[in-house]
1. Looking at the range 252-269, can you tell me whether even one residue there is in a strand (DSSP E or B) and at pLDDT below 90?
2. Answer yes or no as to whether Thr352 is β-branched (Val, Ile, Thr), modelled with pLDDT of 85 or more and more than 12 Å from Val280 (Cα to Cα).
3. Hey, can you tell me all the residues within the range 91-106 that are surrounded by fewer than 20 Cβ atoms within 10 Å (Cβ to Cβ) and at pLDDT 70 or above?
4. If you scan the range 216-250, which residues turn out to be among the charged types (D, E, K, R) and at pLDDT 90 or above?
5. Out of the residues in the range 166-181 that are farther than 16 Å from Phe224 by Cα and either among the charged types (D, E, K, R) or within 20 Å of the chain's Cα centre (by Cα) (or both), which is modelled with the lowest pLDDT?
6. Buried (at least 22 other Cβ atoms within 10 Å of the Cβ), aromatic (Phe, Trp, Tyr), touching a strand residue (DSSP E or B) at 6+ places or on another chain (Cβ under 6 Å) and closer than 14 Å to Tyr30 by Cα: is that true of Tyr234 in this structure?
7. If you scan the range 213-251, which residues turn out to be of a type in the set (Gly, Ala, Ser), over 28 Å from Val278 (Cβ atoms) and assigned to a loop (DSSP other than H, G, I, E, B)?
Amino acid sequence: MNKPFDAILLVMSVFVAGAIFADGVSARSYVQDGLVACYDGIENAGWGKHSDNAKEWIDLSGNGCNGFLGGTVAWTEKGWTNDADGQPVVVTNTYLSTVTGSRKFTVEFAAKPDRANAREAFFSQYDALHSFTFEHNSGGNPKNGRIRIYGHKTLPTGSDFSVMSKAVVEAGEWASVSATLAPDLQTIWKNGSKILATTGTVSVLNSSCESVIGGEPRRANMAFKGTYHAFRLYNRVLSEDEIALNAAIDAIRFNGASPTDFKLSGGYSFDDKGNLLVMVTAVTYANDGGMVKVDGEEPTKMTTVIIKQDGSESVTISAVPDAGYEFEAWTGNIGSVAFASGSASDARITITAKNAATLKPVFRKVGGLNR
């Protein structure tokens, strides 16, 4: 099922950059679970982390996998630009060891090409088995800016892949592109909408393979020409809701969109000040042995809590057992919240949100089985 932005780009109103960024939409607002490498044009360049002649693109994931800008690349307010052949950004290969062998990962980037009728690479690995290239078009016909994933070198029989999307990225068009790759399914997304899915191929990054953002190793004539804003690599396949969230944040931060343009699902939303919010649900059901109390409110069988994703706000949740029951532990996506106080084994916890999470208290009947 296609998951577009729900017409989020129909009204691309200009939002005051200083206000939206101050209110919480930043590189930290992207999905964090599984993030292996994160390069961001605004935080790396536009906000003064680098001088105009700085030659390093900092990895904001904390893994230290920095990229080094080639001689033809220049910083802009929201990224870097390149208008000549060469190797735009060569990335250290350390991060690849985190996904090698997993065979499941997600690659995302935001860019605005200057031309659409020449073969250019958004991101590439080349000199190894299971390497691949994201190209701006096929390198042949049709030369219309279509997005392509192309497998290099000799792969096992029947597993080579070369797929091209139906949607185009025209010259001068800004786009946020995602690709989720697993052995049995590869999907390309543009601006949060699924535009191509193909099955039955091998897709594995290789830790020994040289990597270039905006080009292809040892093929300088495939350098990306235009403005490159962001690049992210995950060691897992993101969900449709997560793809839509990241694409929305790209559009807000790099293309002048407003949070009011977006109708997100999966527990993600923006408040009236532009803050990115993540929904954390703590749910119990009838006859499940207890209720939930949130920040002093009346206990209820079903509670929805919305707090900021960046961890700047916290909420206290208490499990309240019914008569004859006792609290045992919280279950669910525990790793997506941070415990400001307490732990999963405490009935009263204070948490902050890192990603969307579902928490459910487990109660047990006194002297009986878990419920």
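The values are calculated or read from the model by the stated rules, or taken from the named source; none is laboratory data. Bear in mind that the values here come from a model prediction, so they are computed numbers and not experimental data. Backbone-built Cβ (ideal geometry, glycine too); neighbour counts: all protein chains shown.
1. Checking the range 252-269: at least one residue is in a strand (DSSP E or B) and at pLDDT below 90.
2. no
3. Selection gives Thr92, Arg103, Lys104.
4. Just the residues of the range 216-250 that are among the charged types (D, E, K, R), to begin with: 216, 218-219, 225, 232, 236, 240-242, 250.
Across the range 216-250, the qualifying residues are Lys225, Arg232, Glu240, Asp241, Glu242, Asp250.
5. Lys166
6. On the way: buried (at least 22 other Cβ atoms within 10 Å of the Cβ): yes; aromatic (Phe, Trp, Tyr): yes; touching a strand residue (DSSP E or B) at 6+ places or on another chain (Cβ under 6 Å): yes; closer than 14 Å to Tyr30 by Cα: yes.
Here the answer is yes, as Tyr234 does meet what is asked.
7. Quick first cut of the range 213-251, residues of a type in the set (Gly, Ala, Ser) only: 214-215, 220, 223, 226, 230, 239, 244, 247-248, 251.
In the following step, the residues that additionally are over 28 Å from Val278 (Cβ atoms) were identified as 214-215, 220, 223, 226.
Answer for the range 213-251, where residues must be of a type in the set (Gly, Ala, Ser), over 28 Å from Val278 (Cβ atoms) and assigned to a loop (DSSP other than H, G, I, E, B): Gly214, Gly215, Ala223.
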